Each structure stands twice: as structure tokens, then as C-alpha cells.
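Values in this text are rule-based calculations from the coordinates and carry no lab data. Fair warning: this is a prediction, and the values are worked out from it, not measured in the lab. With ideal geometry, Cβ positions are generated from the backbone for all residues, glycine too; neighbour counts draw on all protein chains shown.
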Amino acid sequence: MVAIVVSIESPLQDDVRALIAELNATLLELTPPEFVFHMTAEQMAGADTTVFIAREDGQAVACGALKRHAGGIGEVKRMYTRPSHRGRKIGAMIVEQVEVLARCEGLRRLVLETGDRHPAAWTVYERAGFTRCGPVLDYPDSKWSVFYEKSLAE
């Protein structure tokens, strides 16, 4: 088995754009469009966001991002693992890297919004020490969303 390597990369690469397109299509299969909170590759390339790409044998197989908000809050965004690579804890590897970076930058809290039909994602976050909470940032409270938070304060 070839090792999975997670590193910070630009989202503007063609293979990463393809991964983001898959993520977007997957979300739209599970959630009404008005409750899908996409970021484009261009938005992901912004200075407030750091994108992590997992590669196996050079192929982009998973992604995730840290988006910084005011008040020492970091948001876990754009988490996706290709179906062919699920069940290998790649999402957990990415969440861990997001958290390491957030701690290095002195962020005090990580938050995220995920869908109500993404139990595999809930497992990743709960294993990483996140707990469910009410709506975070400016997300609307809806039956389609599940919110998580994790304090990074010592």
C-alpha cells in the first residue's frame, strides 16, 4: 500500500479543482442547494484559508481546509475523501493537520458545519474530539446542518 501524504497545496491545480467539483456534486446529492455552503477553488485560495490535499501515488484523493475567522476562530471546511479511499482514516489525518496549524497560529476554537446525512463525517469529527453545538459563525440553523466545535485553549 502506497503511503498517503497530506500537505498544504494550492486549490487552483486542475486535479484539486476536480476533487472540489466531486465534493460539490456529492453535497448536492444529499442536501438542498440553499443549505450547501460551497467555497470555490478561488475562494479557497484566499489568504484566510489553507488547503490540505491528501495524495496517494501523486493522485489527489482527499481534501480539507482551515478557514480563519475573527476572534481566534478557525473553521474546518471542504472535507472530502474520494469513495475509493474511504475507510482509511484519511479524513482524520486532514482534521489533525488542520488542528495542528490552528494551534500553531494561536486559534482558540475550531468550528464546522456538516450535513445531517453525513454520519461518516460525524464519526471523524467526534473521534477528533469535536462536540456537537448550536449554529456557528453566520450559518442558519436548519434541519440540514449539524454543527461541531472544539476548544483549543489549554
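Listing K143, K67 from fewest to most neighbouring C-beta atoms within 10 Å gives K143, K67. Sorted from longest to shortest, the spans of the Cα atoms of the chain along the three principal axes equal 38, 36, 29 Å. Model label sites at N24 and K143, defined 7 Å from Cα along the beta-carbon direction, differ in position by 2.8 nm.
Here the range 1-80 and the range 85-149 have alpha carbon centers that stand 13 Å from each other.
Is there a quick way to get the dipole size of the chain? I mean about its Cα centre, with the Cβ of Lys and Arg at +1 and of Asp and Glu at -1; what is the value in debye to the nearest 20?
Roughly 380 debye for the chain.
Bridging of K143 to lysines at a Cα separation below 20 Å is possible for K77, once same-chain residues fewer than 8 apart are set aside.
Summing Lys, Arg as +1 and Asp, Glu as -1, what charge do residues with Cβ under 15 Å from the Cβ of L12 carry, L12 excluded? Result for the neighbourhood of L12: -2. Calculated mean residue ellipticity, 222 nm, the chain: -9000 deg cm²/dmol, from DSSP H runs (n ≥ 4) at -39500 (n - 2.57) each, averaged per residue and rounded to 500.
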